[in-house]
Amino acid sequence: MTTSLRARAGTAGFLLPALVVVAVFYLVPNLLNFALAFTDWSAYKDTIAFTGLANFRELLQEGALSTGLRVTVIYAVVVMIAQNLAGLLLAFALEKPSRVHAFFRAMFFLPVLISPLAAGYVFKALLADDGPLNRAAGIEVSWLGSTTWTIVVVALVNAWKFMGVNMLVYIAGLNAIPGELLESARTDGASRWRTIRSIQLPLLAPAITFNFVTTLIGAFNTFDIVFAMTNGGPGDSTQVLNMFIQQQYAQGYYGYSISMGLLLLLLVCAVAFPLLLTLRRREVDA
Amino acid sequence: MKRTLLSLLLATTLLASCGNPMAKTESQSFPQAATDLNGVTLTVWQSNTLQAGYKSLFADFEKATGAKIRPEIFPDPYESNLLTKWATGTRPDLMIFQSTASFMRRLDPAKNLYDLTGQDFVAKQRFGLAKTAAVLDGKNYGLSLEPPSVFGLWYNKQLVPKPPTNLTELVSTCKTIKRSGATPLYDAGGDQWTTQILPFMLWTDAMKAGLQDKLNDNQAQWTDPAVVDALKAYKSLVTEGCFNSNLKTGTYAEQQEKFVAGQVAMIPQGTWISSDFVKSVGVATMNQNMGWQALSTTSPTAAYSTTFSVQMPRTGNAKQEQAAAAFLKFASGAGYQHFVDVQKQAPALTGFTTPSEVPAATQAAYAALESDGTSYPQLFAADFGPFPTYMSKLINGSSTPEQVAADLQAAWAKSAKTAGLTGF
């Protein structure tokens with residue numbers, strides 16, 4: 001066996017357990033699940049029959065799907081921008097290792113550990129019409145009663161809850177930048193802003209790629225925070241696709257709801273892969 | 001690519017030939033109730049909203065028979081959570097589930113549940129439950145231990161000396177109360193589900209007069225003027241400022257709180273709210289301050305919304321099924337009076353006495369139901385979609401009453417078609 005073959009066999013040996021786990025617990029169940037998207041499986045029938053693209057045709061005819069898609073995309077974009085911006089600002093503020101910074105890093109990471117449902121219910125109470133926020137500020141804003149802006153409010157709560165993860169990834173990225181680069185920039189008289197713009201941000205590109213893509217995927221798959229804060233309301237203005245899927249499943253339309261799940265997966269892929277490729281092209285080596 | 005598609009097709013075909021895990025075909029007669037139950041453990045699926053009576057009933061049964069009961073509690077929305085597990089083919093020994101026809105249909109009861117028609121306890125059911133609760137295609141599949149929840153108008157006796165009995169009176173009462181500075185009506189648009197109740201109440205007259213039968217037979221549609229007019233009436237009450245100012249975001253908890261505090265004159269609610277009021281203010285204060293009135297568009301007709309019933313799935317395990325049958329016998333016989341006393345509710349079976357702790361308002365609701373009420377919300381043949389969401393859109397101005405009616409009809413047609421109802 002050549003060295004190259006031995007190396008390949010070694011790599012395969014390391015990969016195999018992970019591949020088996022992914023295949024058994026993710027890939028195969030999902031493939032079997034998505035096969036059901038092409039059936040009429042429902043709570044009302046004894047049999048499951050192959051119906052081709054009937055579920056998808058019905059989906060396209062229903063207005064609720066377009067509403068769900070629009071809401072989900074708006075939600076995901078707001079979360080992606082807000083969560084990354086907040087995470088990045090926090091990372092620059094708390095970049096250097098110190099006890100004070102370690103304390104604040106822990107504080108900003110704390111919301112990540114809270115249950116999304118609990119966070120949603122807490123904010124629902126805080127943002128109630130006669131809740132603590134309005135009373136403290138002496139204002140009368142219906143934060144959760146607007147068919148236009150409530151989706152943004154809920155997305156910002158999501159960003160608040162998970163910005164700690166982005167912060168940590170950005171801090172790790174900043175700390176991986178070679179110190180001599182920053183030092184030579186300082187020696188050359190570069191300002192703080194110039195250093196960030198010309199050195200830190202370009203070298204942070206892998207972290208940016210990771211954070212943007214994972215945030216986007218997470219936001220597309222949201223359910224719990226929205227469920228707790230608005231239950232999809234007012235009206236259906238915050239009814240993200242997963243809530244619509246759950247609603248259809250609860251009504252016993254199993255095949256139909258699975259077809260929506262498949263559509264959501266395709267949507268995530270359609271948005272995430274181009275984003276991933278675009279961001280990867282921007283990455284540079286130190 | 002071709003191989004992938006072929007694999008998918010193969011998987012689909014295999015699944016299709018496997019059949020639905022819900023399906024099960026058995027035809028045994030109702031099992032004899034067992035007498036020696038030592039060593040038997042019965043699994044009971046139930047909602048997390050069941051009150052203390054069930055816990056004491058289970059304990060009494062365990063003490064009397066030596067059997068063990070293992071409750072499996074489903075969180076809200078328990079109906080869909082329970083159906084999700086049901087869809088996997090898992091079966092409990094007993095389940096305390098919704099008794100509406102459309103929910104029963106999803107269980108395919110003719111194959112999956114024991115038919116209880118003809119059992120002694122079915123004949124003893126009050127409030128017409130034997131003919132309306134857990135009934136599908138003329139067969140009875142459930143034992144209702146609780147009286148049904150009745151839709152109606154809870155009112156504050158000080159703020160509303162003469163409660164309205166129809167829509168015209170409701171509108172004028174609203175104007176009078178508004179002038180006094182109090183909030184006439186409270187609905188919880190934030191939680192959404194409470195907003196269905198007033199339309200349901202307003203539909204009662206038309207549904208009782210035959211609209212429901214026509215809907216079930218596809219001889220009428222949800223866009224019927226009676227349905228639309230009730231939705232228009234609700235919207236008009238919103239426009240006239242009869243509801244709480246935070247209607248869009250109000251919650252069920254706040255609805256209770258404001259009503260108990262005397263800040264709200266009337267709330268459209270089910271009698272399920274009674275136990276919460278008993279806990280918060282006690283029966284004496286309730287009797288002093290709170291009244292209950294049946295109300296529909298033109299008459300004071302009560303409609304019961306829904307009720308739990310105990311159903312017995314076919315598990316294929318004779319010993320377990322005999323123990324489950326023993327539980328039904330005990331629950332409707334030797335153990336029932338204690339259940340009623342702990343629940344502090346009127347009995348749903350004849351031959352038992354109503355505890356003294358049942359508030360007068362709740363008793364008024366049961367009396368209205370027994371005298372001239374209807375159980376129409378139980379008897380829809382199919383589903384009409386997420387009605388609370390449609391109502392929320394109406395309240396927020398993103399749907400008109402006509403659009404809500406059209407949404408109800410679209411969901412109804414889809415559900416009826418999926419269920420394979422004749423005439424659709």
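The values are calculated or read from the model by the stated rules, or taken from the named source; none is laboratory data. As the structure is a computational prediction, the values presented were derived from the model and not from experiment. Ideal geometry is used to build each Cβ from the backbone, glycine not excepted, and the neighbour counts take in all protein chains shown. These accessible areas exclude ligands, DNA and RNA; they are computed on the full protein's heavy atoms, side chains included. Shrake-Rupley method; radii C 1.70, N 1.55, O 1.52, S 1.80 Å.
Go through the stretch B:332-348 residue by residue and tally those that are open to solvent by 50 Å² or more (accessible area, probe 1.4 Å), in a loop (DSSP other than H, G, I, E, B) and of a type outside the set (A, V, I, L, M).
1
Among the residues of the stretch A:159-176, what is the count of those that are open to solvent by 10 Å² or more (accessible area, probe 1.4 Å) and in contact with a Ser or Thr (Cβ under 9 Å, 6 or more places away or on another chain)?
Here the count works out to 3.
Among the residues of the stretch B:101-119, is there at least one that is in contact with a Lys or Arg (Cβ under 6 Å, 6 or more places away or on another chain) and without any contact (Cβ under 8 Å) to a residue 24 or more places away in the chain?
So far as the stretch B:101-119 goes, yes, one or more of its residues are in contact with a Lys or Arg (Cβ under 6 Å, 6 or more places away or on another chain) and without any contact (Cβ under 8 Å) to a residue 24 or more places away in the chain.
Scan the stretch A:72-99 and report the pairs whose first residue is closer than 24 Å to residue A:241 by Cβ and whose second residue is open to solvent by less than 30 Å² (accessible area, probe 1.4 Å) and among the hydroxyl-bearing types (Ser, Thr, Tyr), with Cβ atoms within less than 7 Å and a gap of 6+ or a chain change.
Close Cβ pairs (under 7 Å, with a partner that is open to solvent by less than 30 Å² (accessible area, probe 1.4 Å) and among the hydroxyl-bearing types (Ser, Thr, Tyr)) amount to A:75/A:222; A:79/A:215; A:80/A:215; A:83/A:215; A:84/A:215.
Check residue B:410 against each of (1) within 19 Å of residue B:230 (Cα to Cα); (2) among the aliphatic types (A, V, I, L, M); (3) open to solvent by less than 20 Å² (accessible area, probe 1.4 Å) and name the one condition it does not meet.
(3)
Can you find even one residue in the stretch B:103-115 that is open to solvent by 20 Å² or more (accessible area, probe 1.4 Å), in a strand (DSSP E or B), touching a strand residue (DSSP E or B) at 6+ places or on another chain (Cβ under 6 Å) and at pLDDT 95 or above?
no
Going residue by residue through the stretch B:272-290, is there one that turns out to be part of a strand (DSSP E or B) and out of contact with any Ser or Thr (no Cβ under 6 Å at 6 or more places or on another chain)? Spell out the reasoning first.
As a first pass, look at the stretch B:272-290 and keep what is part of a strand (DSSP E or B): B:290.
Among the residues that remain, those that are also out of contact with any Ser or Thr (no Cβ under 6 Å at 6 or more places or on another chain) are: B:290.
Checking the stretch B:272-290: at least one residue is part of a strand (DSSP E or B) and out of contact with any Ser or Thr (no Cβ under 6 Å at 6 or more places or on another chain).
Can you work out which of the residues in the stretch A:83-120 that are surrounded by 19 or more Cβ atoms within 10 Å (Cβ to Cβ) and aliphatic (A, V, I, L, M) is farthest from residue B:190 (Cα to Cα)?
So, considering only residues that are surrounded by 19 or more Cβ atoms within 10 Å (Cβ to Cβ) and aliphatic (A, V, I, L, M), the one farthest from residue B:190 (Cα to Cα) is A:94.
Which residue, of B:423, B:351, B:385, is within 12 Å of another protein chain (Cβ to nearest Cβ) and open to solvent by 10 Å² or more (accessible area, probe 1.4 Å)? Break it down into steps so the answer makes sense when it comes.
Numbers: B:423 fails: within 12 Å of another protein chain (Cβ to nearest Cβ); B:351 fails: within 12 Å of another protein chain (Cβ to nearest Cβ).
Of the residues listed, the single one that is within 12 Å of another protein chain (Cβ to nearest Cβ) and open to solvent by 10 Å² or more (accessible area, probe 1.4 Å) is B:385.
I need a count of the residues in the stretch A:121-138 that are part of a helix (DSSP H, G or I) and open to solvent by less than 30 Å² (accessible area, probe 1.4 Å). Break it down stepwise before answering.
Here is the first cut: in the stretch A:121-138, the residues part of a helix (DSSP H, G or I) are A:121-126, A:132-137.
Of the ones still in play, those that are also open to solvent by less than 30 Å² (accessible area, probe 1.4 Å) are A:134.
Total satisfying the criteria: 1.
Restricting attention to the stretch A:31-40, report how many residues are within 7 Å of chain B (Cβ to nearest Cβ) and either acidic (Asp, Glu) or open to solvent by 30 Å² or more (accessible area, probe 1.4 Å) (or both).
Matching residues across the stretch A:31-40 total 3.
Looking at the stretch B:229-262, which of its residues are surrounded by fewer than 18 Cβ atoms within 10 Å (Cβ to Cβ), more than 19 Å from residue B:169 (Cβ to Cβ) and away from chain A (no Cβ under 12 Å)?
B:261, B:262
I'm trying to understand the selection: among the residues of the stretch B:75-106, which are of a type in the set (A, V, I, L, M, F, W, C) and within 16 Å of the chain's Cα centre (by Cα)?
B:82, B:83, B:95, B:96, B:97, B:101, B:103, B:104
Does residue A:284 count as β-branched (Val, Ile, Thr), more than 14 Å from chain B (Cβ to nearest Cβ) and part of a loop (DSSP other than H, G, I, E, B)?
yes
Out of all the residues in the stretch B:344-375, which are in contact with a Phe, Trp or Tyr (Cβ under 8 Å, 6 or more places away or on another chain) and among the hydroxyl-bearing types (Ser, Thr, Tyr)?
B:362, B:366, B:374, B:375
Got a number for residues in the stretch B:222-244 being more than 30 Å from residue B:414 (Cβ to Cβ) and either free of Cβ contacts under 8 Å to residues at least 24 places away in the same chain or not assigned by TED's automatic domain parsing to the domain that holds residue B:154 (or both)?
1
Exactly one of (1) in contact with a Leu (Cβ under 6 Å, 6 or more places away or on another chain); (2) among the aliphatic types (A, V, I, L, M); (3) not in a strand (DSSP E or B) is unmet by residue B:69. Its number?
Of the numbered conditions (1) in contact with a Leu (Cβ under 6 Å, 6 or more places away or on another chain); (2) among the aliphatic types (A, V, I, L, M); (3) not in a strand (DSSP E or B), the odd one out for residue B:69 is (3).
For residues that are assigned to a loop (DSSP other than H, G, I, E, B) and touching a helix residue (DSSP H, G or I) at 6+ places or on another chain (Cβ under 6 Å), scanning just the stretch A:240-281, find the one that is farthest from the other protein chains (Cβ to nearest Cβ).
A:240
Among the helices (runs of 4 or more DSSP H) lying completely within the stretch B:119-214, list those that include at least 3 residues that are closer than 20 Å to residue B:231 by Cα. Break it down into steps so the answer makes sense when it comes.
Working: elements: B:120-123, B:129-132, B:167-180, B:197-206.
So the answer is B:167-180, B:197-206.
Mind checking which residues of the stretch A:48-66 are open to solvent by 30 Å² or more (accessible area, probe 1.4 Å), in a helix (DSSP H, G or I) and of a type in the set (S, T, N, Q)?
A:61, A:66
Which ones in the stretch A:215-239 are away from chain B (no Cβ under 14 Å) and either open to solvent by 20 Å² or more (accessible area, probe 1.4 Å) or among the acidic types (Asp, Glu) (or both)?
Passing the criteria: A:217, A:218, A:221.
Among the candidates A:153, A:141, which residue alone is within 21 Å of residue A:81 (Cα to Cα) and either at pLDDT below 95 or crowded, with 16+ Cβ neighbours inside 10 Å (or both)?
On inspection, the qualifying residue turns out to be A:153.
Picking from B:233, B:220, which residue would you name as being closer than 18 Å to residue B:400 by Cβ and either in contact with a strand residue (DSSP E or B) (Cβ under 6 Å, 6 or more places away or on another chain) or among the aliphatic types (A, V, I, L, M) (or both)?
Being closer than 18 Å to residue B:400 by Cβ and either in contact with a strand residue (DSSP E or B) (Cβ under 6 Å, 6 or more places away or on another chain) or among the aliphatic types (A, V, I, L, M) (or both) holds for just one of B:233, B:220, which is B:233.
Conditions (1) in a loop (DSSP other than H, G, I, E, B); (2) away from chain A (no Cβ under 14 Å), marked per residue:
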residue: B:59; (1), (2): no, yes
residue: B:86; (1), (2): no, no
residue: B:92; (1), (2): yes, yes
residue: B:117; (1), (2): yes, yes
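When you check residue A:212 against the structure, is it aromatic (Phe, Trp, Tyr), in contact with a helix residue (DSSP H, G or I) (Cβ under 7 Å, 6 or more places away or on another chain) and surrounded by fewer than 20 Cβ atoms within 10 Å (Cβ to Cβ), yes or no? Spell out how you get there, then give the answer.
Numbers: aromatic (Phe, Trp, Tyr): yes; in contact with a helix residue (DSSP H, G or I) (Cβ under 7 Å, 6 or more places away or on another chain): yes; surrounded by fewer than 20 Cβ atoms within 10 Å (Cβ to Cβ): no.
It is false that residue A:212 is aromatic (Phe, Trp, Tyr), in contact with a helix residue (DSSP H, G or I) (Cβ under 7 Å, 6 or more places away or on another chain) and surrounded by fewer than 20 Cβ atoms within 10 Å (Cβ to Cβ).
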